[in-house]
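The values are calculated or read from the model by the stated rules, or taken from the named source; none is laboratory data. Note that this is a predicted model, so its numbers are computed, not measured. Positions of Cβ are backbone-derived with ideal geometry, glycine not excepted, and every protein chain shown enters the neighbour counts. Each accessible area value is taken on the protein alone, full model and side chains, heavy atoms only, with ligands, DNA and RNA left out. Shrake-Rupley method; radii C 1.70, N 1.55, O 1.52, S 1.80 Å.
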Amino acid sequence: MSSWRIGAVSITRIIEKIDTFPPGLMLPGVTNESVLAHDWLRPDYVTEDGRINLAIQALVVEAPGRLIVVDTCVGNEREGRGNPGWNNLQTRFLQDFAAAGFDRLKVDTVFCTHLHADHVGWNTMKVGDAWVPTFPNARYLMNRKEFEHWAAMREDPRLS
């Protein structure tokens, strides 16, 4: 966990998990070997075999009178994710969130930078058989056009 302070604002990084992936998956034409040619990338940004490190993380922003969570990672107990490594997770995200000194009931804003699975997973959590807001006292903010796009996809009968 890392924290930064900018004036009266504090930002804390809560990592859910670290994944690795071959660079060509997101950077067409980039190979493990070409990444390894840049020594300064190891070990923080790439593995010894040239895979890129990807932190699945949330940022908690404390500002005067505000407690904001930016992105909410993958989430536990999810199914049907395109990345099989993100299905049925059992991470310590909420325990780490609390260990960092944060109370999920005191979060007043959740900001979703975009609506990919690794950015919205803890927007809700499973309690019994129901999915409920993880941060029940928060206002959830997201881009309207992106929300409408994904809402339309959900209503597409071809996806049922």
- Task: Any chance you could count how many residues in the range 1-60 are part of a strand (DSSP E or B) and open to solvent by 70 Å² or more (accessible area, probe 1.4 Å)?
- Result: 5
- Item | Filtered residue count, the range 61-74, keeping only those that are assigned to a loop (DSSP other than H, G, I, E, B) and of a type in the set (Gly, Ala, Ser) | 1
- Flagged in the range 77-97 as within 13 Å of residue 56 (Cα to Cα) and either of a type in the set (Phe, Trp, Tyr) or touching a Leu at 6+ places or on another chain (Cβ under 9 Å) (or both), in numbering order, are 86, 93
- Over the range 97-132, the set of residues open to solvent by less than 50 Å² (accessible area, probe 1.4 Å), assigned to a helix (DSSP H, G or I) and among the charged types (D, E, K, R) is 118
- Task: Please enumerate the residues belonging to the range 133-160 that are modelled with pLDDT of 95 or more and in a loop (DSSP other than H, G, I, E, B).
- Result: 134, 135, 136, 137, 138
- Task: All but one of (1) under 17 Å from the mean Cα position of the chain (by Cα); (2) closer than 28 Å to residue 145 by Cβ; (3) surrounded by 14 or more Cβ atoms within 10 Å (Cβ to Cβ) hold for residue 63, so report the exception by its number.
- Result: (1)
- Item | Any hit, the range 16-31, residues being free of Cβ contacts under 8 Å to residues at least 24 places away in the same chain, in contact with a helix residue (DSSP H, G or I) (Cβ under 7 Å, 6 or more places away or on another chain) and more than 30 Å from residue 108 (Cα to Cα) | yes
